[in-house]
Structure formats: C-alpha cells, structure tokens
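The values are calculated or read from the model by the stated rules, or taken from the named source; none is laboratory data. What you see is a predicted model; the values in this text were computed from it and never measured. Every residue, glycine among them, receives a Cβ derived from its backbone with ideal geometry; neighbour counts consider all protein chains shown.
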Amino acid sequence: MQRPISIGKRIAFASTVYLVGLLMLEGLSSFAWSSFSHGAPPPRSLAELRHSTYDPDLGWAHIPNLYVEDMYGKGIYLKTNSQGLRSSRDFAQQVPEGRIRVVCSGDSFTLGYGVSNDETWCQQLTGFDARIETLNMGQGGYGLDQAYLWYLRDGEALEHDVLIFAFISEDLQRMRVREFVGYGKPRLRLVDGELVVGNQPVPELVPRIKRSLASFGFLRNLRISSILEASLAGLRSSLGSDAMSEQEMYEIAGAIFRDLQGISQENGRKLVLVHLPTKEDYPSSQSAGMRDWIAAGAANHGIPYIDLIDTIDQVPVPEMVRLFRSAHYSVHGNQYIAKGVYSGLVDAKVLAGLDDRTHLGPAKLATHETPLQR
C-alpha cells in the first residue's frame, strides 16, 4: 500500500513548481522587455511612479523633499523641494530684490525628463540673464488642463513676474481623457462659457497597483511587475477617453489661455505661451493646423507665442537627433530649447522694464471674456 504524501512535501513541491514557473516567466519577461525597449529608459508611467504620488486635485504630483540620485541613469538626479517643485531649494514668497522670477509651467518636457535638475531648459534660462530666477512647475504626463490647475492651486500664490506656459501638441489631446499612464485625472469642460472642473476627487488607480505589488516584496523588482504596471497603465489610458470633441478641446484650450492672461494682467505679470517640439513634430507640418490656430488667437489677444516647432525644420537631421535622448530632450536639447525660449522672450520684449516693476501680491480670480474661438 502506497504511503500518502505528507503535507510538508506537498507544500515544498507546490513552492518549487511556483518558483520554477516564476523564473521562466521572469526570463521571458526580461527578453520581451529588452526586445521592445532596445536599451531605452523605462516607460514614462514607471518613471513617474518614482517621484510622484496620488493627488486628489491633479491626479498625481511630485513627492515633496525627494531626492533620487540615479533617477534617469547613473548620476542623473531629480530633487524636489518642500513646495513640490523640481528644485534643490525652496523659494520665498516674494521675488528677491533685483531678480526677475519666471515660472515654467508644463509637462515632462518642462520637468526635464532624462536630465538632472540643473540641466533642464527652465533652469538653463538663468544662464542667459543673471536677473532671472526660475521655478520649475513641470510634471510628467500632464495635459494642458493639469498644468493650468496646478498653477492656479500652487503657482499663482508665489509672487513672480513671468509665466511661461509651455506645452507640446499632445498636451491638448490629453485633456480629452479621464485617465493617463494609469492615473486618473481631472477634466475641464465648458459650461455656459465657463471652465468647470470635473472628475474630482480624482480616482486613484496606479497607486493601488503599486501598493499591491509592493506587498509582494521582491516581486516588485522583477520585470514581470514592470510589464504588469506598464500594461495596466496603457489599458487604463486607452479606456480613459470619452466624448470630448476636437472642437471642444480647442475651445477649452482657448479658455485656459484667456484665463491665464486675465490673471496675469490683474497681477501685473506677463504671460508667454511656448510650443515645444517633439520628435513627432519633425517635419513641422504635422502640427501646422494647431499652431496656426494658437498663433492667430494669441496675436488677436496680445499674448506672446513662441513657436519652437517652427524652427525644427531648419535643424539638420544629425543635429536634430542630438536634441533628443529617447523621446525627450537630451542635455544638448535642453540647451537648444533654453536658447530658443530666451530669444523669444527678448524678441517679444517680455523682460523689458521688469527691473523697475513693483511686485504685487496674488489677486482673486475674476471672470474673463469669451475664450479664444477656433
């Protein structure tokens, strides 16, 4: 008569099968990861998880007082201050005497994805004029709506002279979804000509996934968990679209620009729109219609508009390649953007007369005129 297998042996056998299966799956996952990534940095959704946390107003925001030494590679660091900005120091409420404070608002291209704090184009503006002090309000994955809402919540209260509202073409499209890279996000809609914020508090998505993976300890460091996070993030993003037409998207963008202009005028500040190039803008005809619309509306309402996409066709292909590290700007690319932005500020006379300016405190939001029309 055959002796029954003990419970201990059954557990040991099941554990062995589980570990062998896991190792095989990990090997296949590593192969798939290397095949598709070709040595590129991890997907943006995974990188943002390292320095962002759930935010009920915005979807996600920087973790304050965070230092990641090798954020984008060996020695390529990211540091945030106590105010949740990408900076190695905090900023006083008032603008220091003799300085011109510039807020750089935008997405990962403004954040400086792939480079260290002092190599972002926002920080490099300080090298062109000793009077300039910059505040980096860039956040990976933000749409035009989130950059606007973050500025209203945290940026407006800090005294400053110039608001550079920077964006890529995709940032307008991001306003059309409720979820992005696995995070929920707020939605702006126009109701009777007024901007109304919806989907708040923002649903918490990827942070739940992250916590679940963390509970498995070492599993979170495996390629399996990386692929799982990326796949779920992509799935959430693809399911996040609902019925916002392109026409409404443009109308909301126009309302954002108009509101920022009104707030800037009330506080004696200067607003500048900056359209940043991506690889997808080469050749620049890809975004020509959108840029023509923004240029016409900005000119009609007296808002300086720096279109850096317009110059990209003039860059030789070998030089253009040097501007990017994977999908984002390289150190050289950030230098190129900083030079273009500064030249645009000078040409538009944005910095003229700011030395003698009397700084004003933040004013209450007012209702502004009809938004830009497409």
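Residues that are assigned to a helix (DSSP H, G or I) and either more than 12 Å from Ile168 (Cβ to Cβ) or out of contact with any helix residue (DSSP H, G or I) (no Cβ under 9 Å at 6 or more places or on another chain) (or both) within segment 279-293 comprise Ser284, Ser285, Ala288, Gly289, Asp292, Trp293, listed in sequence order. If the condition is being over 22 Å from the mean Cα position of the chain (by Cα) and in contact (Cβ under 8 Å) with a residue 60 or more places away in the chain, then segment 271-297 contributes Trp293, Gly297. If the condition is being without any contact (Cβ under 8 Å) to a residue 40 or more places away in the chain and polar (S, T, N, Q), then segment 311-328 contributes Thr311, Gln314. If you go through segment 62-83 one residue at a time, do you hit one that is in contact with a strand residue (DSSP E or B) (Cβ under 7 Å, 6 or more places away or on another chain), more than 24 Å from Lys279 (Cβ to Cβ) and in contact (Cβ under 8 Å) with a residue 40 or more places away in the chain? Yes: one or more hits.
The requirement of being assigned to a helix (DSSP H, G or I), of a type outside the set (S, T, N, Q) and either at pLDDT below 95 or more than 23 Å from the chain's Cα centre (by Cα) (or both) is fulfilled nowhere in segment 323-335; no residue meets it. Looking for whichever is part of a helix (DSSP H, G or I), modelled with pLDDT of 55 or more, over 28 Å from His160 (Cα atoms) and under 26 Å from the mean Cα position of the chain (by Cα) here; the options are Arg50, Arg10. Which one fits? Among Arg50, Arg10, only Arg50 is part of a helix (DSSP H, G or I), modelled with pLDDT of 55 or more, over 28 Å from His160 (Cα atoms) and under 26 Å from the mean Cα position of the chain (by Cα). Scanning segment 122-140 for residues that are closer than 18 Å to His332 by Cα and touching a Cys at 6+ places or on another chain (Cβ under 8 Å) turns up Cys122, Leu125. Residues in segment 245-270 that are within 19 Å of Glu159 (Cα to Cα), crowded, with 22+ Cβ neighbours inside 10 Å and not charged (D, E, K, R): Leu260, Gln261.
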